[in-house]
1. Among (1) part of a strand (DSSP E or B); (2) over 21 Å from L145 (Cα atoms), which single condition is Y18 missing?
2. Pairs, please: C-beta under 8 Å, at least 6 apart or cross-chain, first residue touching a residue at least 12 places away in the same chain (Cβ under 8 Å) and in the range 127-150, second among the charged types (D, E, K, R) and not in a loop (DSSP other than H, G, I, E, B)?
3. Before we move on, is Y53 surrounded by 13 or more Cβ atoms within 10 Å (Cβ to Cβ), among the hydroxyl-bearing types (S, T, Y), within 26 Å of N152 (Cα to Cα) and modelled with pLDDT of 95 or more?
4. Listed residues E30, E34, E47; which is over 22 Å from the mean Cα position of the chain (by Cα) and not aromatic (F, W, Y)?
5. Quickly run through the range 14-26 and pick out the residues that are over 16 Å from A80 (Cβ atoms) and either β-branched (V, I, T) or surrounded by 13 or more Cβ atoms within 10 Å (Cβ to Cβ) (or both).
6. What residue, among those in the range 87-105 that are in a helix (DSSP H, G or I) and surrounded by fewer than 19 Cβ atoms within 10 Å (Cβ to Cβ), is farthest from the chain's Cα centre (by Cα)?
7. Given the condition charged (D, E, K, R), under 17 Å from the mean Cα position of the chain (by Cα), closer than 30 Å to M1 by Cα and not in a strand (DSSP E or B), answer yes or no: does some residue in the range 140-150 qualify?
8. Out of all the residues in the range 122-130, is one or more in contact with a Gly (Cβ under 6 Å, 6 or more places away or on another chain), buried (at least 20 other Cβ atoms within 10 Å of the Cβ), within 25 Å of Q12 (Cα to Cα) and of a type in the set (F, W, Y)?
Amino acid sequence: MITIQAFEHTQQTHLERYDQIPMVVDVRSEYKLEKIQAGLGGIRLVETPVEPYLKDLGQYSRMTELAQQFDLSQWGFWLASDAHTPVGGAAVLCKSPQIQMLAGREDLGVLWDIRVADSHQGQGVGQLLFEQVKIWCQARGLKQLKIECQNNNLAACRFYHKQGAVLGEINSYAYYLDPDCAHETQLIWYLDLTNGLEIAPQGHSAGPGLRD
């Protein structure tokens, strides 16, 4: 049985368990930007096969290092476990001036991280975690949830789209100064939290047969 547990940023052991969950994307296709009339005629995202490669997103998001960089008092954390083995996690934040993605907004949340171990993909773990994120945001009166991903993470894009998020920003040059991912396009999704979403109560658990 999958259980979801919220925990505080001061619980170092939980942060360490979170970091044990791999977050590797098996890239086999990407969304290529087709800019019609240099963008004035619109922009299309075209799924295009590429030579397969693996991208380790975990190297960019280590929970145990966050406290060294940010004030975590306005962050929420969750672990998904299967028989005490961590198989998923999520982190969200709001009202943290240090975080540029908030753009100074008091009514905006940012999904900092969400991950599910390969062994539990497609079993509803990501859905359960995302539901807890929405509960957390709505309890704090937030109106939108902002989510960043890239054009080479199609599974994430499809997941956020399924949750009702809308693609709000496309930035071809967001990672220009990072040689490892300068070729990637940043995709920013926004989820409206004011539409009376049907959300499962706190403490919800589900068997592994639940599908995203």
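The values are calculated or read from the model by the stated rules, or taken from the named source; none is laboratory data. Everything numeric here is computed off the predicted structure, so don't read it as measured data. FYI the Cβ positions are ideal-geometry reconstructions off the backbone, even for glycines, and counts take in every protein chain you see.
1. Only one criterion in (1) part of a strand (DSSP E or B); (2) over 21 Å from L145 (Cα atoms) is unmet by Y18, namely (1).
2. Close Cβ pairs satisfying both conditions: K143/D192; Q144/D192; L145/K134.
3. Values: surrounded by 13 or more Cβ atoms within 10 Å (Cβ to Cβ): no; among the hydroxyl-bearing types (S, T, Y): yes; within 26 Å of N152 (Cα to Cα): yes; modelled with pLDDT of 95 or more: yes.
So Y53 does not fit the description; no.
4. On the way: E30 fails: over 22 Å from the mean Cα position of the chain (by Cα); E47 fails: over 22 Å from the mean Cα position of the chain (by Cα).
Answer to the check: E34.
5. Just the residues of the range 14-26 that are over 16 Å from A80 (Cβ atoms), to begin with: 24-26.
Within the range 14-26, V24, V25 meet the criteria.
6. Taking the range 87-105 as the starting set, the residues that turn out to be in a helix (DSSP H, G or I) are 100-102.
Remaining after also requiring surrounded by fewer than 19 Cβ atoms within 10 Å (Cβ to Cβ): 100-101.
Working: Q100: 16, M101: 13 Å.
The residue in question is Q100.
7. Scanning the range 140-150, I find no residue that is charged (D, E, K, R), under 17 Å from the mean Cα position of the chain (by Cα), closer than 30 Å to M1 by Cα and not in a strand (DSSP E or B), so the answer is no.
8. Narrowing the range 122-130 to residues in contact with a Gly (Cβ under 6 Å, 6 or more places away or on another chain): 125, 129.
Then drop every residue that is not buried (at least 20 other Cβ atoms within 10 Å of the Cβ), which leaves 125, 129.
Still in the running and within 25 Å of Q12 (Cα to Cα): 125, 129.
Next, only the ones that are of a type in the set (F, W, Y) stay: none.
There is no residue in the range 122-130 that is in contact with a Gly (Cβ under 6 Å, 6 or more places away or on another chain), buried (at least 20 other Cβ atoms within 10 Å of the Cβ), within 25 Å of Q12 (Cα to Cα) and of a type in the set (F, W, Y).
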